[in-house]
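Nothing in this text is a laboratory measurement; each read-out follows from the coordinates by a stated rule. The model shown is predicted, which means the values in this text are computed figures rather than measured ones. Heads up, the Cβs are rebuilt from the backbone with ideal geometry, glycines too, and the neighbour counts pull from every protein chain shown.
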Amino acid sequence: MNKKRFIFLLLLLLWILFIFSHSLKPVEASNQESERVRQPLSQLVHHELSAVFVRKLAHFMEFGVLGVLAAGFFAARAGKPAPLLLHSAMLGMVIALCDETIQLFVAGRSGRIQDVWLDLAGALAGATLALTLLYLARKRRSRIHNAALPHFGPSGQDSSNIEM
């Protein structure tokens, strides 16, 4: 395993632990945390946001980050975009199912199938964003690299500076 892939794996595992640690919080602690986020976010957007909206947004964002990290981990193998997206989605689905299952055993919490779908959407959005940025970076790097190479004409001379 190369260094880049190892770093993504480590970040991915740490992020999964972060997700699960939030699922292990009792409902009172989770509600307090949501409220600490809801108030400044409501002020930022100049609209009173509901606690439910903030919680669902948190689900989506947590799994969006998971999708970015998963795509980075799978892309470090230099694979094609479709399998990378599929692998990232599969990982997102497994973690979402585990996450909601954990919540079934925590006081005041419940596992919800709609949260699994929301989590999966977040993971797909994050993976798609990461793969799009990776594609654009590679395209830009390729364009810069090709522009720096000399262009040889039929005579074998560098024709990049020849005026027509």
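Structure summary
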{"item": "Where Cα atoms sit under 27 Å apart: lysine pairs in the chain separated by 8 or more or lying on different chains", "result": "6"}
{"item": "Unit charges on C-beta of K, R, D, E only; dipole of segment 1-45, Debye", "result": "380"}
{"item": "Relative counts (whole %) of C-alpha pair distances in the chain, using bins that are 10 Å wide", "result": "10, 29, 25, 16, 9, 6, 4, 1"}
{"item": "Label-point gap, in nm, between Thr101 and Arg143 - each point 7 angstrom along Cα→Cβ", "result": "4.6"}
{"item": "Most to least packed among 80-88, 20-28, 93-101 [average Cβ atoms within 10 Å]", "result": "93-101, 80-88, 20-28"}
{"item": "For q = 0.14, 0.18, 0.25 Å⁻¹, Debye-computed log10 I/I(0) when each Cα of segment 1-93 counts as one equal scatterer", "result": "-0.63, -0.85, -1.18"}
{"item": "Per-selection metrics, segment 15-63 (Cα): Rg and Dmax in Å", "result": "11.3, 33"}
{"item": "Per-residue HN-Hα couplings for segment 19-28 [Karplus 6.51, -1.76, 1.60; θ = phi - 60°; Hz; x = Gly/Pro]", "result": "4, 5, 5, 5, 6, 7, 6, x, 4, 5"}
{"item": "Amide proton proximity set for Gly111, modelled H, under 5 Å, gap of 5+", "result": "Leu104"}
{"item": "Local electrostatic count, Arg109, Cβ distance below 14 Å [Lys/Arg +1, Asp/Glu -1]", "result": "-2"}
